[in-house]
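Here is the structure we will look at.
A short reminder: the numbers here are calculations on the coordinates, not readings from a lab. Here the structure is a predicted model, which is why all the values come from computation and not from measurement. Here the Cβ positions follow ideal geometry from the backbone for every residue, glycine too, while neighbour counts run over all protein chains shown.
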Amino acid sequence: MLSILLVGCQPLVGGGETPEETSGLSRYARSGFQGLDMRFIQDLPPNSLWDVAELVIVNELKNVGSYNIEADKCFIEVSGIDRNIVRNLQPGIRQSCDDIEGKSVYNTEGGFNQIEFQSASIILPEGVDRYAPNIVLSACYNYKTIASPQVCIDPGFYQLTSEQKSCQVRDVPLGGGQGAPVSVDNVKVDMVGQKAIFQLDISNTGPGRVVSPRAALNQCPGNMRYDDFDEVGFIISLSGEFPEKCTPSDHLVRLTNNKGKVFCTFNVGSTAAYEAPLNIELNYKYLQSISKKVEIVKTPS
């Protein structure tokens with residue numbers, strides 16, 4: 001009985017039965033180039049409908065990235081409709097996404113939710129027999145990218161020595177994404193004496209546009225300014241130690257043509273070569289949309 005109790009009290013250490021399996025599941029969960037995946041449910045809305053029918057729009061949201069979405073930090077808004085024609089949209093033109101879990105070793109598919117908009121009051125103006133709006137659903141949400149590439153630190157990199165070293169200083173390409181719409185594509189490593197210098201190549205690889213972490217989420221998408229876009233916040237550490245200097249110095253990198261660079265310098269002291277995780281956290285908001293053209297036809301009298 002004691003053995004059964006001891007076995008039953010062992011903590012779960014991962015989603016796999018072995019460390020190798022759990023590591024593989026973790027790598028899978030931290031891969032990909034999207035956060036939210038947005039789709040219209042088939043025939044909701046339909047391609048065409050009579051003006052006496054009810055307009056129902058259902059959007060399926062799936063979190064295919066690795067960061068959990070919180071209800072108060074994600075909103076769906078419907079636009080493209082003349083509200084004098086499609087009236088009393090319920091429950092309104094803007095809704096919370098609710099909590100949607102990201103991918104993990106315990107849930108490799110991620111969570112999902114369905115958001116519904118509906119109107120039972122469609123009134124075409126006199127003399128108008130057809131109205132064909134392009135219905136747009138826009139999602140604005142907080143998201144985060146986490147990467148931890150293993151890098152080689154060697155203060156004696158340029159010294160001539162026959163010493164057997166544990167690693168070699170080299171750049172670290174990061175293919176496959178990190179389970180988020182903004183990705184770290186490559187880490188370039190250089191050693192200057194006791195200083196390790198890292199260049200991070202960052203890009204927007206998702207289906208939408210990056211919004212600055214400083215921007216107000218309740219202003220997205222309709223009331224955004226130009227400087228609210230294409231800006232990513234970053235936090236970088238090496239084995240828990242923070243850099244002595246980074247560029248940009250305000251820890252906000254602006255993307256040009258969806259790409260940006262970050263430079264950080266660490267004082268690593270005098271030591272033998274060793275490998276360490278470079279912890280990278282990117283913070284931002286994200287805007288993406290889907291659309292569908294719907295024809296509303298006047299019912300013959």
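Along its three principal directions, the equivalent ellipsoid of the chain from the Cα gyration tensor extends over semi-axes of 48, 25, 14 Å, largest first. Note on residue 194/residue 20: beta-carbon distance plugged into 1/(1 + (r/R0)^6) with R0 of 35 Å gives a FRET efficiency of 0.45. Applying 1/(1 + (r/R0)^6) with r as the Cβ-Cβ distance of residue 108 and residue 70 and R0 = 25 angstrom yields a FRET efficiency of 0.75. Working note: 222 nm ellipticity from helices only, DSSP H runs with n ≥ 4, each -39,500 (n - 2.57), summed and divided by the residues of the chain, gives -1500 deg cm²/dmol to the nearest 500. Among the listed pairs 144/285; 144/195; 103/259; 195/259; 259/292; 73/285, those whose Cα-Cα separation exceeds 19 Å are 144/195; 103/259; 195/259; 259/292. Among 163, 70, 60, the residue with the largest mean-square fluctuation in a Gaussian network model of the chain, with springs joining Cα atoms closer than 10 Å, is 163. Of the residues 47, 142, 186, the one that moves most in a GNM of the chain with alpha-carbon contacts below 10 Å is 47.
What FRET efficiency, computed as 1/(1 + (r/R0)^6) with R0 = 22 Å and r the Cβ-Cβ distance, is obtained for residue 99 and residue 290, rounded to the nearest 0.05? Once the sixth-power term is evaluated, E becomes 0.55.
In the chain, the longest principal axis of the Cα atoms and the axis of helix 19-29 are about 40 degrees apart.
For residue 87 and residue 270, the difference between the fully extended length at 0.36 nm per residue and the C-alpha to C-alpha distance is 58.8 nm. Computed over segment 45-181, the range of Cα coordinates on each principal axis works out to 89, 31, 23 Å, biggest value leading. Using 0.36 nm per residue and subtracting the Cα-Cα separation, the extra length available between residue 235 and residue 297 on full extension is 17.0 nm.
Checking the a/c ratio against 1.5 first, then a/b against b/c, what shape does the Cα gyration tensor give for segment 144-285? Since a/c reaches 1.5 and a/b is larger than b/c, the shape of segment 144-285 is classed as prolate. Structure remark: mean-square fluctuation, Gaussian network model of the chain, C-alpha springs under 10 Å; the largest value among 279, 134, 59 belongs to 134.
Summary value for segment 135-215: 26 percent relative contact order, contacts being C-alpha pairs under 8 angstrom separated by 6+ residues.
For a test of the definition: using alpha carbon positions, the gyration tensor, and the 1.5 limit on a/c, classify segment 20-62 as rounded, prolate or oblate. It is prolate, given that a/c is not under 1.5 and a/b is the larger ratio. Given axes a ≥ b ≥ c from the Cα gyration tensor, I'd like to know whether segment 98-171 is rounded (a/c under 1.5), prolate (a/b larger than b/c) or oblate. The shape class here is prolate.
Between residue 254 and residue 27, the modelled label-to-label distance comes to 3.8 nm, taking each label 7 Å out from Cα in the direction of the beta carbon. Taking the convex hull of the alpha carbon positions in segment 233-284 and averaging its projected area over all directions gives 4.2 nm².
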